[in-house]
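Below is one structure, written out as structure tokens; the observations come after it.
The numbers here are math on the coordinates, done by the rules we state, and not lab data. All of these numbers come straight from a predicted model, not from anything done at the bench. Here Cβ is always computed from backbone atoms with ideal geometry, including for glycine, and neighbour counts include all displayed protein chains.
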Amino acid sequence: MRPVLDALHRLQDRSVFTPSEGVQQACRLLADRFGEATAPAATGVARGAAGLLAEHTHYAPGFALLQPLPFGTAVALRPCVSADTQVAFDDTDGRWTLSSETRLPPETPSWVRVVEAVLHRLAPASPGLEVAVVTTIPASFRAAYWAALAVALARALSGHTPPPDVLTTLQAALEEVLGRPFSVAYLKAAATVEGSDVTLVDTITREHLPVPSLPAETLAWAVVEVETSNVSPSTLHRDVDRLDTALSHLRAGAFTGLTTLRDLEHQDLQRALTLIPSALRPITRYVIGDNRRVPRMVAALRRQDPQMLGALLLMSHHAARTDALATSHAADAVVEQIQARTAEGLFGAALVDPNGAVLVAGRPYVLPQALDQLTQDLAPVFTVSSTLI
């Protein structure tokens, strides 16, 4: 009974980001760094969302499934007398100056350059601003952080949720800063996520559908933060080019009407792979495979089947490891430990962000102690930390 009660207390003690608290903290930061003001600040908030099956949409358009996180980002801003914009972040001291005449150098931290890029696109003629940003999104969920930052800033500038054309603008801003493709699925989820619903996104049509999550008494989530993987912008660009080449080969062969790899039927996969050069097959198999896994995971959620959900996470991680080469030794070790304990109430795990976020699914009263044991087992080899979410 004692382990069950301990697990219950730890699950109840989880911190959850709320929009109202986020706005209050952003407004306090604005006043602390730039002084009090008589006029109210404009504010914007966005939740983070982790890709249960979404990383493949950085490579090629398709379906993505994103899990809402109990973390978020809030922005408060107001005009200032200067022509330049000043930006303050809650996790760093001081402020950053965004010149009205010149852009920041490439070595500037990415989160500062994201603010600059969004302002440059959405408010190019705006006078100088004072901007305060607070976030609770862990650094390992980098895609979720960038998307929430861009959406929260867009909301603060306009006062409403960004429409599809603005999401395209935000996507371009992020890709400029990151120097690599960035999936609109993360932006769409940040702009639309509500409650505990999982978000299904079609990155081609930009449509989304909320999918009810499993009950809290059935499924609990945790993130294990590990060392980052080796997916560089140049590697991602190379793989995107390979996928474009693979699609061209398929169109020139037996699949003349194929417009995207997403539309390839699963039963045609093996035949399709024989039509493209061997060097293109692994990344093509990975992208098509994760696209096919999305509707299967949606079905698992609707059936309230956590075992199938966990199995699909494990399959996705295996594909990212062997076909996309997009994992790390530490992430692989965590997933192997989880897979070895599926009979004990752990359902599955996968590296869902190359910046080091391994998402773990398990039974609520099993997961807390399992995380403690996992951290202890891996401590001699890897630096890992875990958080119930």
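The table below lists the values:
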| read-out | value |
| --- | --- |
| Unit charges at the beta carbon, dipole of segment 112-194: most positive-side option, Val193, Ala132, Val166 | Val193 |
| Approximate spin-label separation Ala123-Glu194, in nm, with each point projected 7 Å along Cα-to-Cβ | 2.7 |
| Lys/Arg +1, Asp/Glu -1 at C-beta; segment 188-289 dipole; positive extreme among Thr205, Pro277, Thr235 | Pro277 |
| Electrostatic dipole magnitude of segment 262-354 [Cβ: Lys, Arg +1; Asp, Glu -1; Cα centre; debye, to 20] | 220 |
| Average Cα contact separation per residue, segment 224-320, under 8 Å, 6 or more apart, as relative contact order % | 23 |
| Using distinct alpha-carbon pairs, which all enter the 1/r mean, Kirkwood radius of segment 192-325 in Å | 16.8 |
| Helix runs (DSSP H) in the chain reaching 27 Å along axis by Cα, Kyte-Doolittle at least -1.0 | 233-252, 281-303 |
| Electrostatic dipole magnitude of the chain [Cβ: Lys, Arg +1; Asp, Glu -1; Cα centre; debye, to 20] | 720 |
| By average C-beta atoms within 10 angstrom, highest first, the peptides 312-318, 123-129, 285-291 | 285-291, 312-318, 123-129 |
| GNM flexibility winner over the chain from Thr274, Thr169, Thr57 (Cα, springs under 10 Å) | Thr274 |
| Sum of side-chain charges, Thr38 neighbourhood, beta-carbon under 15 Å (Lys, Arg +1; Asp, Glu -1) | -1 |
| Debye log10 I(q)/I(0) at q = 0.12 Å⁻¹ for segment 137-217, Cα point scatterers | -0.35 |
| Cα centre as origin, Lys/Arg/Asp/Glu Cβ charges: segment 111-232 dipole, Debye | 260 |
| 5 angstrom amide H check on Gly362, placed H, neighbours 5+ away | Ala220, Phe347 |
| The chain - Rg and Dmax from Cα coordinates, angstrom | 21.5, 68 |
| Helix-only [θ]222 nm of the chain, DSSP H runs n ≥ 4, -39500 (n - 2.57) each, per residue, nearest 500 | -14000 deg cm²/dmol |
| DSSP beta bridges in the chain [antiparallel fraction, %, rounded to 5] | 90 |
| Between segment 356-389 and segment 154-212, the alpha-carbon center distance in angstrom | 30 |
| Between segment 250-272 and segment 275-289, the Cα center-to-center distance that results, in Å | 11 |
